[in-house]
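No value in this document is a laboratory result; all are computed from the given coordinates. Note that the structure is predicted; figures quoted are calculated from it, not measured. Every residue, glycine among them, receives a Cβ derived from its backbone with ideal geometry; neighbour counts consider all protein chains shown.
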Amino acid sequence: MSNFWDKMAKAYDNSTEKHFHDANAKIISYTKHYCTKFKDLLDLGCGTGVIILDLADAVNKITAVDASSEMIQIANQKKMEQKLENIDFSVKDISQINFASGKYDIITAFNPI
């Protein structure tokens, strides 16, 4: 599956913006109601960070994972451009996450496939 998303990575932002801008704006707004500067968030299937980058100002720390290395590369580039220090993007399969650790206050999965 990651090969498919690696191939889609470069066109993903334009396609998402075109088709899902309004929906993503609502998702961001609704999710911010559950966020505080004291909470740590885990996002599964973060893609290029389209949604999660807009939540960085609402939480303490974000750990964002995706199986696609190309998606993560783009997300990290956007993170650097926006000078966001509280997000850690990494290539990881969700089976590698220790959910039982209690490390995260909020866990999100926006549009994973």
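Would you work out the relative contact order for the chain, in percent, from Cα pairs under 8 angstrom that are 6 or more residues apart?
Numbers: 165 pairs, mean separation 35.5, N = 113.
For the chain, the relative contact order is 31 percent.
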**Request:** Pick out, from Gly45, Ile62, Asn76, the residue whose Cα sits farthest towards the positive end of the charge dipole of the stretch 2-108, with +1 on the Cβ of Lys and Arg and -1 on the Cβ of Asp and Glu.
**Result:** Ile62
**Item:** Matching label, P(r) over Cα pairs in 10 Å bins from 0, in percent computed from the structure shown, candidates (1) 12, 30, 28, 20, 8, 2, 0; (2) 14, 48, 34, 4; (3) 15, 48, 26, 10, 1
**Value:** (2)
**Fill in**
Among Tyr34, Ser101, Phe20, the residue whose Cα sits farthest towards the positive end of the charge dipole of the chain (+1 at Cβ of Lys and Arg, -1 at Cβ of Asp and Glu, taken about the Cα centre) is Tyr34
**Asked** Counting Lys and Arg as +1 and Asp and Glu as -1, each charge on the Cβ, what is the dipole of the chain about the Cα centre in debye, to the nearest 20?
**Response** 140 debye
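As a check on your grasp of the helix formula, calculate [θ] at 222 nm for the chain: sum -39500 (n - 2.57) over DSSP H runs of n ≥ 4, divide by the residue count, round to the nearest 500.
Calculated mean residue ellipticity at 222 nm is -13500 deg cm²/dmol.
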**Rounded to 5, the percent of DSSP beta bridges in the chain classed as antiparallel** = 0 percent
**Message:** Between the stretch 12-52 and the stretch 63-113, what is the separation of their alpha carbon centroids in Å?
**Reply:** 12 Å
**Asked** Residues with amide H under 5 Å of Phe89's amide H, sequence separation 5 or more or different chain, H placed in the peptide plane at 1.01 Å from N; which?
**Response** Ala64
